[in-house]
Amino acid sequence: MLWRPREDVQTPPIGDRDLEHLYAYPPGLTRPFVQVNFVSSLDGAVSVDGRSAALGNPADKRVFALGRDLADVVLVGAGTANAEGYRGVKATEVRAERRARLGLSPVPPIAVVTARCSIAPTSPLVTDTTTPPIILTTSAAPPDRLTALIDAGADVVLAGDSRVDLHAALSALDDRGLRRIDCEGGPTLFGALIDEDLVDVLCVTYAPLLAGGGAGRIAFGPFPDAPRAMSLDSVLEHDSALLLRYRRA
C-alpha cells in the first residue's frame with residue numbers, strides 16, 4: 001500500500017501504526033461515531049455475483065480488518081449479514097495488542113439492524129461467537145423470533161415500531177459503552193444512515209474493475225433533505241485501487 005501523489009514519486013509502504021493513525025476514531029468521544037466502510041467497482045457496482053468479496057484486494061482487506069480492530073462494535077444490516085455469511089468476530093481476527101493498547105474489549109460484538117428480526121437463532125452470528133450479537137429490531141417483529149433469539153443468548157433491542165429508529169439504535173449502543181461504530185453495510189443501511197445524517201466518516205475503496213451488470217450502488221434509500229457534505233481526509237493507492245477516507249465536512 002503506497003502513498004502515490006505523482007507517478008514519479010516513490011514512497012515506502014505505509015506501516016501499521018501510520019495506518020492506525022489515519023483511520024483512528026476521535027479521542028474522548030461523547031456520542032456514537034459512525035464510520036462506514038464500502039468497496040465499489042469503478043462503474044459503481046457494490047458487488048459481483050451478489051457479493052462484495054470479488055471487488056476486494058489485500059490493501060482493502062487490511063483496512064477492513066483495521067476497522068474491526070479499532071471499533072467498539074461492528075454494525076451491519078441483516079441482508080448483508082445473511083448474504084455474506086457473517087459470524088461472530090474471532091479473537092484471532094483482530095489484533096489483541098492493538099485493542100488492549102487502545103483500551104477496547106478483546107473482540108467487538110456485531111450489531112445487526114433488522115426490522116423483522118430476520119436473523120435465525122441457528123445463524124453463525126448467534127452460534128459461532130464469543131460475544132453475543134446485538135439485534136436492533138422493532139416491536140413489529142414476530143414475537144416468536146424475538147423469543148427464540150433471546151433464548152439463544154442474543155442481546156435483543158427494540159428500537160422503533162415498524163422500522164428501526166437509527167437514533168434509538170445508536171443510543172442503545174451508546175448505553176452499552178459502544179461509541180466507535182464500524183458500519184460494514186449494506187446499501188440499505190448506509191442509505192438510511194445518510195437520510196438520518198448519522199455518517200461521520202466514509203471509507204470507500206474503488207477497485208480497478210468495470211463490473212457492468214445490474215448490481216446496486218453503495219447506498220440505497222430515500223433522498224435526504226440535502227446532500228451530506230464530506231471532506232477528503234486521506235488517499236491511499238494499491239495496485240491501481242484507490243482507498244479514500246472522507247470525514248463529515
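Would it be correct to say that Ile135 is in a strand (DSSP E or B) and either within 30 Å of Ile14 (Cβ to Cβ) or open to solvent by less than 60 Å² (accessible area, probe 1.4 Å) (or both)? It is true that Ile135 is in a strand (DSSP E or B) and either within 30 Å of Ile14 (Cβ to Cβ) or open to solvent by less than 60 Å² (accessible area, probe 1.4 Å) (or both).
Counting the residues of the stretch 214-249 that are assigned to a loop (DSSP other than H, G, I, E, B) and either in contact with a Leu (Cβ under 7 Å, 6 or more places away or on another chain) or among the β-branched types (Val, Ile, Thr) (or both) gives 1. When residues in the stretch 127-153 are screened for being among the acidic types (Asp, Glu) and under 17 Å from Gly79 (Cα atoms), 0 of them pass.
Residues in the stretch 113-132 that are surrounded by fewer than 16 Cβ atoms within 10 Å (Cβ to Cβ), assigned to a loop (DSSP other than H, G, I, E, B) and not β-branched (Val, Ile, Thr): Arg116, Ala120, Asp128.
How many residues are of a type in the set (Gly, Ala, Ser) and open to solvent by 20 Å² or more (accessible area, probe 1.4 Å) if we restrict to the stretch 72-110?
8
The set of residues from the stretch 216-234 being open to solvent by 40 Å² or more (accessible area, probe 1.4 Å) and in contact with a strand residue (DSSP E or B) (Cβ under 7 Å, 6 or more places away or on another chain) comprises Met230, Ser231, Leu232, Asp233. Selection of first residues in the stretch 24-41 that are charged (D, E, K, R) and of second residues that are open to solvent by 20 Å² or more (accessible area, probe 1.4 Å), restricted to Cβ pairs under 8 Å at least 6 apart or on distinct chains, gives the following pairs, ordered by first then second residue: Arg31/Asp174; Arg31/Arg179. Screening Leu210 against (1) surrounded by fewer than 14 Cβ atoms within 10 Å (Cβ to Cβ); (2) of a type in the set (A, V, I, L, M); (3) closer than 22 Å to Thr30 by Cα leaves a single unmet condition, (3).
Please determine, by comparing only the residues of the stretch 138-162 that are assigned to a loop (DSSP other than H, G, I, E, B) and within 22 Å of the chain's Cα centre (by Cα), which one is surrounded by the fewest Cβ atoms within 10 Å (Cβ to Cβ). Out of the qualifying residues, it is Gly160. For the stretch 35-71, a residue qualifies if it is part of a strand (DSSP E or B), over 23 Å from Thr131 (Cβ atoms) and open to solvent by less than 30 Å² (accessible area, probe 1.4 Å), and the qualifying residues are Phe38, Val39, Ser40, Ser41. Condition (residue is assigned to a loop (DSSP other than H, G, I, E, B) and either in contact with a helix residue (DSSP H, G or I) (Cβ under 6 Å, 6 or more places away or on another chain) or open to solvent by less than 70 Å² (accessible area, probe 1.4 Å) (or both)) applied to the stretch 166-176: is it met by at least one residue? No, the stretch 166-176 contains no residue that is assigned to a loop (DSSP other than H, G, I, E, B) and either in contact with a helix residue (DSSP H, G or I) (Cβ under 6 Å, 6 or more places away or on another chain) or open to solvent by less than 70 Å² (accessible area, probe 1.4 Å) (or both).
The values are calculated or read from the model by the stated rules, or taken from the named source; none is laboratory data. All values reported here derive from a predicted model rather than from experimental measurement. Neighbour counts are summed over all protein chains in view; Cβ atoms, including those assigned to glycine, are modelled from backbone coordinates with ideal geometry. Calculation scope for accessible area: heavy atoms of the full protein, side chains included, ligands and nucleic acids excluded. Shrake-Rupley method; radii C 1.70, N 1.55, O 1.52, S 1.80 Å.
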